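Note sheet for the following structure.
The values are calculated or read from the model by the stated rules, or taken from the named source; none is laboratory data. Just so it is clear, the structure is predicted and the values come from calculations on it, not from any experiment. Note that we place each Cβ from the backbone using ideal geometry, even for glycine, and neighbour counts take in every protein chain shown.
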Amino acid sequence: MIKGHLVRVNGRPASPADHVASGDVIEVEIPEAFVLEAAGEDIALAVVYEDDDIAVIDKPAGMVVHPAPGHYTGTLVHALLGRGGAWSNVGGVARPGIVHRLDKGTSGLIVVARNDSAHRALSAQLKDRTLHRTYLAAVRGSVKDDAGELEGPIGRHPLERKRMAVVAGGRFARTRYAVVERRRNHTLLRCELDTGRTHQIRVHLAALGHPVAGDADYGGVDGAASRPMLHAWRLELRHPRTGEPMTLEAPPPADFEAFWKTAD
């Protein structure tokens, strides 16, 4: 809204860098609300599992999960609607079927819901931490310990609002990690989420001093990586209708494999 010249401080257009003081007069022009709606598109998906209640998709890196400003086509939601059939509405009209998210640059497994009952059951598993998500992350530097836990409250970065950070007053977050393989300047980690905060693994590993390779937002710039080398490798859950335990895996995509093969 500031960049759209909808905010004024003391009668002058505001800047994101402005600091305000007691007595300043701030005027905000609220734009008319609009609803993001999605229509089906013919987009190929790698479906790992599907039945009448859920589908598990191996999302490619570069695909946004749901429509948002700047991403009005080509999302996972558009692809799901293009497959036909019913999808849950619990998340709203812009997020049919979407139970949890993966960042645009992250590849790997995401479970989506065909109906509201399945959606609520999966959301409950996320809340009570019985839906387990395991990632592979190629990080910069040699991680000292073979395994560990990373805890730190995560909230919006105080200066860069599109980034997250470990900040006082943030939401509790915990990530477990174990070393899979070491190179001189890189380490391959297996990471498990105890919580599901935005950018959690990326933020925690950056705070550890070992940002995900290719993650320019969190200090992981790496000339050999065209995107963050983070892959959602395994999902463990209970089927929302039958209660049967399910474990699904997806191997890292070619770009991830190629990066690690040549990493020094």
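Tabulated data for the structure shown
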{"item": "Test: residue in the range 70-79 that is surrounded by 19 or more Cβ atoms within 10 Å (Cβ to Cβ) and either over 24 Å from residue 252 (Cα atoms) or not assigned by TED's automatic domain parsing to the domain that holds residue 113 (or both)", "result": "no"}
{"item": "From the options 117, 88, 123, residue that is in a helix (DSSP H, G or I), without any contact (Cβ under 8 Å) to a residue 40 or more places away in the chain, of a type in the set (Gly, Ala, Ser) and on the phi < 0 side of the Ramachandran plot", "result": "123"}
{"item": "Output for the range 91-114, where each listed residue is of a type in the set (A, V, I, L, M, F, W, C) and in contact (Cβ under 8 Å) with a residue 40 or more places away in the chain", "result": "93, 94, 102, 109, 110, 111, 112, 113"}
{"item": "Sole residue being in contact with a helix residue (DSSP H, G or I) (Cβ under 9 Å, 6 or more places away or on another chain), surrounded by 13 or more Cβ atoms within 10 Å (Cβ to Cβ) and assigned to a loop (DSSP other than H, G, I, E, B), chosen from 38, 55, 44", "result": "38"}
{"item": "Qualifying positions in the range 151-172 - surrounded by 14 or more Cβ atoms within 10 Å (Cβ to Cβ) and under 21 Å from residue 221 (Cβ atoms)", "result": "157, 163, 164, 165, 166"}
{"item": "Selected residue (only one of 258, 254, 147 is modelled with pLDDT of 95 or more and either among the polar types (S, T, N, Q) or under 27 Å from residue 99 (Cα atoms) (or both))", "result": "254"}
{"item": "Residue in the range 11-21 that is of a type in the set (Asp, Glu), without any contact (Cβ under 8 Å) to a residue 40 or more places away in the chain and either outside any loop (DSSP other than H, G, I, E, B) or in the same structural domain as residue 92 (by TED's automatic domain parsing) (or both) present", "result": "no"}
{"item": "Of all residues making up the range 197-226, the number that are surrounded by 16 or more Cβ atoms within 10 Å (Cβ to Cβ) and either within 15 Å of the chain's Cα centre (by Cα) or within 16 Å of residue 132 (Cα to Cα) (or both)", "result": "12"}
{"item": "Within the range 227-249, considering residues that are within 17 Å of the chain's Cα centre (by Cα) and part of a loop (DSSP other than H, G, I, E, B), the one surrounded by the most Cβ atoms within 10 Å (Cβ to Cβ)", "result": "229"}
{"item": "Candidate set: the range 80-89, residues that are hydrophobic (A, V, I, L, M, F, W, C) and surrounded by fewer than 19 Cβ atoms within 10 Å (Cβ to Cβ); chosen: the one nearest to the chain's Cα centre (by Cα)", "result": "81"}
{"item": "Residue within the range 67-74 that is more than 22 Å from residue 133 (Cβ to Cβ), touching a residue at least 24 places away in the same chain (Cβ under 8 Å) and either aromatic (Phe, Trp, Tyr) or touching a strand residue (DSSP E or B) at 6+ places or on another chain (Cβ under 6 Å) (or both) present", "result": "yes"}
{"item": "The one condition in (1) farther than 23 Å from residue 232 by Cα; (2) within 27 Å of the chain's Cα centre (by Cα); (3) in a strand (DSSP E or B) that residue 8 fails to fulfil", "result": "(2)"}
{"item": "Residue 145 loosely packed, with under 14 Cβ neighbours inside 10 Å and touching a residue at least 24 places away in the same chain (Cβ under 8 Å)", "result": "yes"}
{"item": "Residue list for the range 95-109, restricted to those being buried (at least 23 other Cβ atoms within 10 Å of the Cβ) and within 19 Å of residue 228 (Cα to Cα)", "result": "106, 107, 108, 109"}
{"item": "Residue 159 being in a strand (DSSP E or B) and assigned by TED's automatic domain parsing to the domain that holds residue 247", "result": "no"}
